[in-house]
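**Student:** Got a structure for you, questions after.
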Ligand code: NAD
């Protein structure tokens, strides 16, 4: 067991609690550390601290707020090695991937800190001058999942703070530790109360969603929880940004360049062991390329090393938690029972931990669970099609609409088809790629609103129009 203490961060202070969360190492299935479990009273304290800090922070010039956030970025960078080791241990991903997540978070902070809310003017030569200002909302509640605990926390917190809001963040109880450390680092560079971190699961999460002292929720997680947050937040009409589940389809047309696309399809399907909201989760391949693409993906999958985060050769880690592991295994069994054939993987190895091999599954079709449900794990169903229109219709089935892609040697034709995907992001010969300056969000039930870039920053603001007399 790690003996380093972890604390909640309330009003800039480390705070303990009588309750505790045992944090499981996904590579062993056993607890390796613990942290305090916040009470509802501590959530109230955190919200009160955030409310008290809000006016001063909102009145701080935005360049000074941006400087403070850049100092936080620098502190995270200085502590990258320790943070990555802790993140790898609690999340399961290889240390190198965890370093990539921490480095990516620093990169995101730097890019986001350069954004500024824009003041627009409506000019009417005969009438008054109208200015459109963007003001902070107040206290933002942030609720994060376990797949990219640090990256997603940064995605929420940095634009919220930059826009002048204060924040109460609750990480997933599966992966709270690195986020608590970042809260501790933030206390050194931000005024007390501006950024608070509490822990817990449904009780504290829905406590945040119901809280009358919170003005907006930014949530990344499952669609079901998103619905609950929307219901709970209705009492005080909370603003919402919801980044929810996806079941992204990729469509490979008959003229695609197999050599060029297979490595990219592979990484967009299996990155983070498939635990990425906008990973490829259904791969539709034209019948003329079907056998070749599936076989080539299976070769890469079979050669990949799945192992513990601290393993020298590990390229992919275990599933993050028992529930996800059981779910992925059940999907594999259901696929086998319904005629699916694994070209690689398909069976969890014996032994400890939540390991599941990278698995390529053929002879599957729409209507099977592995195609219709979001697996959020390392099984890629490869589905045959003959008519691109039919593939598009199948890609657009279901409640999700996060991302989608079309792969072809004719980018113009691919773009025309990609734009008919019912998804918040569409890629050509690419998938999952995101940028701090490009808005990202879900269509249909994959979410509400967007993150990143100017549009993402605007989500942490309220429009105020100012009408001025001319002259
Ligand atoms: P989850 O919905 O189970 O949990 C996410 C967070 O919500 C956790 O912090 C949890 O404690 C909290 N929570 C649970 N019940 C709550 C409630 N009633 N009220 C308030 N908070 C509550 O999701 P997960 O299993 O941690 O993450 C996996 C899901 O997240 C997948 O569906 C995945 O697609 C989605 N995801 C989406 C994106 C995106 O950007 N769209 C990114 C990553 C993950």
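**Student:** What's the number of the only condition in (1) in contact (Cβ under 8 Å) with a residue 24 or more places away in the chain; (2) over 16 Å from the mean Cα position of the chain (by Cα); (3) near the ligand (Cβ under 10 Å from one of its atoms) that residue 202 fails to meet?
**Tutor:** (1)
**Student:** Quick one: count up the residues across the range 258-297 that are within 15 Å of the ligand (Cβ to nearest atom) and outside any helix (DSSP H, G or I).
**Tutor:** Matching residues across the range 258-297 total 8.
**Student:** Here's something else I'd like to know. Restricting attention to the range 210-225, and to residues there that are near the ligand (Cβ under 7 Å from one of its atoms) and surrounded by 23 or more Cβ atoms within 10 Å (Cβ to Cβ), which single residue is nearest to the chain's Cα centre (by Cα)?
**Tutor:** Just the residues of the range 210-225 that are near the ligand (Cβ under 7 Å from one of its atoms), to begin with: 219-225.
Within this subset, residues satisfying the condition of being surrounded by 23 or more Cβ atoms within 10 Å (Cβ to Cβ) are 219-220.
Values: 219: 9, 220: 6 Å.
The residue in question is 220.
**Student:** Scan (1) crowded, with 18+ Cβ neighbours inside 10 Å; (2) touching a residue at least 60 places away in the same chain (Cβ under 8 Å); (3) within 16 Å of the ligand (Cβ to nearest atom) for the single condition residue 417 breaks and write down its number.
**Tutor:** With respect to (1) crowded, with 18+ Cβ neighbours inside 10 Å; (2) touching a residue at least 60 places away in the same chain (Cβ under 8 Å); (3) within 16 Å of the ligand (Cβ to nearest atom), residue 417 is out only on (3).
**Student:** Among the residues of the range 436-471 satisfying the criterion of being out of contact with any helix residue (DSSP H, G or I) (no Cβ under 8 Å at 6 or more places or on another chain), touching a residue at least 60 places away in the same chain (Cβ under 8 Å) and in a loop (DSSP other than H, G, I, E, B), which is surrounded by the fewest Cβ atoms within 10 Å (Cβ to Cβ)?
**Tutor:** 469
**Student:** To continue, here is another question. Which of the helices (runs of 4 or more DSSP H) found entirely inside the range 173-257 contain at least 2 residues meeting this: touching a helix residue (DSSP H, G or I) at 6+ places or on another chain (Cβ under 6 Å), closer than 30 Å to residue 391 by Cβ and not assigned by TED's automatic domain parsing to the domain that holds residue 419? Explain how you work it out, then say what you get.
**Tutor:** On the way: elements: 177-187, 202-210, 223-233.
Answer list for the range 173-257: none.
**Student:** Looking at 174, 147, can you tell me which residue is within 16 Å of the ligand (Cβ to nearest atom), within 28 Å of residue 271 (Cβ to Cβ), within 17 Å of the chain's Cα centre (by Cα) and surrounded by fewer than 24 Cβ atoms within 10 Å (Cβ to Cβ)? Give the steps one after another, and end with the answer.
**Tutor:** On the way: 147 fails: surrounded by fewer than 24 Cβ atoms within 10 Å (Cβ to Cβ).
Only one candidate passes the filter, namely 174.
**Student:** Any residue in the range 187-199 that is under 19 Å from the mean Cα position of the chain (by Cα), modelled with pLDDT of 95 or more and near the ligand (Cβ under 8 Å from one of its atoms)?
**Tutor:** no
The values are calculated or read from the model by the stated rules, or taken from the named source; none is laboratory data. No experiment lies behind these values; they were computed from the predicted model shown. As a convention, Cβ positions derive from the backbone with ideal geometry for all residues, glycine included, and neighbour counts pool all protein chains shown.
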